[in-house]
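Chemist: Below: one structure in structure tokens.
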């Protein structure tokens with residue numbers, strides 16, 4: 001009996017202690033958040049002043065509180081990422097004046113990989129030329145995420161070294177994930193185009209060439225059109241498919257004749273991609289050949305040809321209506337299907 | 001001095017734009033989603049709206065279409081705020097009646113020039 005009473009009382013005390021802890025924890029967290037918000041409100045006007053005067057760092061250096069340095073850094077990074085032009089350059093100067101560039105460079109050698117990753121990302125945002133050689137070193141980091149962040153940061157600094165590292169990685173086919181490379185190269189923008197076109201012309205590595213073809217399409221590099229048209233006759237089927245896709249993405253009508261020829265390729269995948277690309281290019285000289293492909297034995301080829309005819313405007317739509325009305329086998333079915341889908345807004 | 005409504009879901013961007021517009025001598029009000037943007041535009045009758053394309057509740061283009069549909073807001077000029085990758089949305093916004101657009105990240109000089117041009121043509 002006494003034992004049971006003792007157990008009940010102990011349980012009640014435990015529940016009360018837990019509730020007390022939860023309430024106290026919540027109060028402390030709220031107080032800390034409130035304090036952080038007040039510190040933020042104190043520093044924000046000084047951070048905005050830096051946009052016009054990067055030398056005005058004294059109010060930001062004055063505070064003795066340990067957490068404030070990180071808070072100021074976060075505030076600066078939040079604003080820097082939204083700016084370009086003169087204000088962005090002022091922010092970079094402010095980062096340098098406040099010693100943040102040095103501390104992030106040191107962090108590139110941290111034992112914790114996530115701190116090295118954060119440092120590489122921050123140096124990309126800060127865009128200080130002082131960090132370039134250290135970021136180049138970070139492209140050899142054992143952790144791929146850190147290497148990618150360093151390469152991305154070099155791209156943000158318009159430094160070509162990061163591009164060289166990535167393109168060499170494509171050729172070597174090791175240590176880097178293909179989709180990651182593509183994502184970073186796309187993020188680098190127009191600076192990568194000349195190098196990719198040059199490598200597309202010269203590489204003998206089939207996998208690397210496929211990646212370059214893909215990049216030409218994703219980056220819509222018009223200088224690659226001539227080479228891509230030649231690749232429509234390549235012995236490798238995947239290369240022909242990728243070249244047709246890329247030409248559709250680039251949208252240069254000088255590729256129309258080559259793509260029309262590809263409509264007779266032995267592979268249905270190539271024919272289907274070529275048919276799709278012709279719709280994107282928008283040149284009506286493709287209408288007759290696309291009309292032929294409405295009766296191709298492969299569904300994808302018929303479907304893409306019909307879709308592209310619709311995209312080519314009045315002439316193509318007229319072909320679809322006539323074919324649909326003719327009732328002649330597979331071609332009339334696909335023509336009717338596309339007309340119905342478009343009428344429904346699909 | 002003009003009254004400018006900033007419709008943007010990122011609080012940091014709102015602070016930045018507030019700072020810039022106020023340093024140009026304008027008064028600002030802000031809205032953090034599309035629904036509030038529509039409400040504030042109707043209530044405050046601003047001289048100009050800086051409208052983000054991607055917002056919760058209602059997108060910038062949807063807000064713009066509704067603004068152009070209402071008599072009390074259809075003549076308020078709107079400048080869209082957009083990320084570089086949103087080209088199709090920019091075309092939609094211009095077709096829906098936006099007078100201009102500014103891409104992120106912002107250049108203060110460009111932003112100021114576009115705002116001044118729109119306000120000058122309105123006055």
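Chemist: For a protection proxy built on the mean count of beta-carbon atoms within 10 angstrom, sort A:4-15, A:302-313 highest first, please.
Modeler: Those peptides, ordered most packed to least, come out A:302-313, A:4-15.
Chemist: Let me ask you something else. Given the options B:97, B:34, B:60, which has the most mean-square fluctuation in a GNM of chain B, springs set between C-alpha atoms less than 10 angstrom apart?
Modeler: For chain B, modelled as a Gaussian network with Cα springs under 10 Å, the answer is B:97.
Chemist: To the nearest 10 degrees, how steeply does helix A:268-281 sit against the main Cα axis of chain A, on a 0 to 90 scale?
Modeler: 80
Chemist: On a 0 to 90 degree scale, rounded to 10, what angle separates helix A:160-172 from the longest Cα axis of chain A?
Modeler: 60
Chemist: At R0 = 51 Å, how high is the FRET efficiency between residue A:253 and residue B:100 if r is their beta carbon distance? Nearest 0.05 is fine.
Modeler: Efficiency, rounded to the nearest 0.05: 0.95.
Chemist: Note the angle between two axes, namely the Cα long axis of helix A:178-188 and the longest principal axis of the Cα atoms of chain A, as a number of degrees from 0 to 90, rounded to the nearest 10.
Modeler: 80
Chemist: Would you calculate a helix-derived [θ] at 222 nm for chain A, using -39,500 (n - 2.57) for each DSSP H run of n ≥ 4 and dividing by the full residue count, to the nearest 500?
Modeler: When only DSSP H runs of four or more count, the value is -23500 deg cm²/dmol.
Chemist: Right, something else. Estimate the FRET efficiency between residue B:117 and residue A:58 by the formula 1/(1 + (r/R0)^6), using the beta-carbon distance for r and 22 Å for R0, to the nearest 0.05.
Modeler: Calculated transfer efficiency: 0.05.
Chemist: Here's another thing I want to ask about it. Can you pull the Rg over Rh of chain A, Cα-only, Kirkwood?
Modeler: Checking Rg against Rh, the ratio lands at 1.21.
Chemist: With chain A treated as a Gaussian network of Cα nodes joined by springs under 10 Å, which of A:160, A:45, A:54 yields the largest mean-square fluctuation?
Modeler: Taking springs between Cα atoms under 10 Å, the residue moving most is A:45.
Chemist: Run the numbers for residue B:110 and residue B:43: contour at 0.36 nm per residue of separation, minus the present Cα-Cα distance, in nm.
Modeler: That pair, residue B:110 and residue B:43, stretches by 21.2 nm at full extension.
Chemist: Want the number for residue A:21 to residue A:177: 0.36 nm per residue separation, take away the alpha-carbon distance, what's left?
Modeler: 51.5 nm
Chemist: What FRET efficiency, computed as 1/(1 + (r/R0)^6) with R0 = 41 Å and r the Cβ-Cβ distance, is obtained for residue B:62 and residue A:13, rounded to the nearest 0.05?
Modeler: Plugging the Cβ-Cβ distance into 1/(1 + (r/R0)^6) gives 0.15.
Chemist: Helix-only estimate, please: 222 nm mean residue ellipticity of chain B, summing -39500 (n - 2.57) across DSSP H runs of length 4 or more and dividing by its residues, to the nearest 500.
Modeler: Here the helix-only value at 222 nm equals -15000 deg cm²/dmol.
Chemist: Something else now. For region A:99-169, what does the alpha-carbon gyration tensor say about shape, rounded, prolate or oblate, given a ≥ b ≥ c as the root eigenvalues, a/c under 1.5 as rounded, and a/b over b/c as prolate?
Modeler: Judged from the Cα gyration tensor, region A:99-169 comes out oblate (a/c at least 1.5, b/c at or above a/b).
Chemist: So, in Å, what gap is there between the alpha-carbon centers of region A:88-163 and region A:23-46?
Modeler: 30
Chemist: While we're on this one: Order A:137-150, A:235-248 from most to least packed using the mean count of other Cβ atoms within 10 Å.
Modeler: A:235-248, A:137-150
Chemist: Under 1.5 on a/c is rounded, so check that first for region B:3-122, then, if it is not, pick prolate when a/b is larger than b/c and oblate when it is not; a ≥ b ≥ c are the square roots of the alpha carbon gyration tensor eigenvalues.
Modeler: Here region B:3-122 falls in the rounded category.
Chemist: Can you tell me how much longer the chain between residue A:33 and residue A:207 gets when fully stretched, taken as 0.36 nm per residue apart minus their C-alpha distance, in nm with one decimal?
Modeler: 57.5 nm
Chemist: Continuing with this model, one more query. If packing is taken as the average count of other Cβ atoms within 10 Å, what order do A:180-192, A:113-125 fall into, highest mean first?
Modeler: Final packing ranking: A:113-125, A:180-192.
Chemist: Now, a different point. Mind checking B:12-18 for the average number of partner chain beta-carbons within 10 Å of each residue's beta-carbon?
Modeler: Other-chain Cβ atoms within 10 Å of each residue's Cβ, averaged: 4.
Readers should treat all values here as calculations from the given coordinates under stated rules, not as data from a laboratory. The structure displayed is predicted, hence computed values, not measured ones. Backbone-built Cβ (ideal geometry, glycine too); neighbour counts: all protein chains shown.
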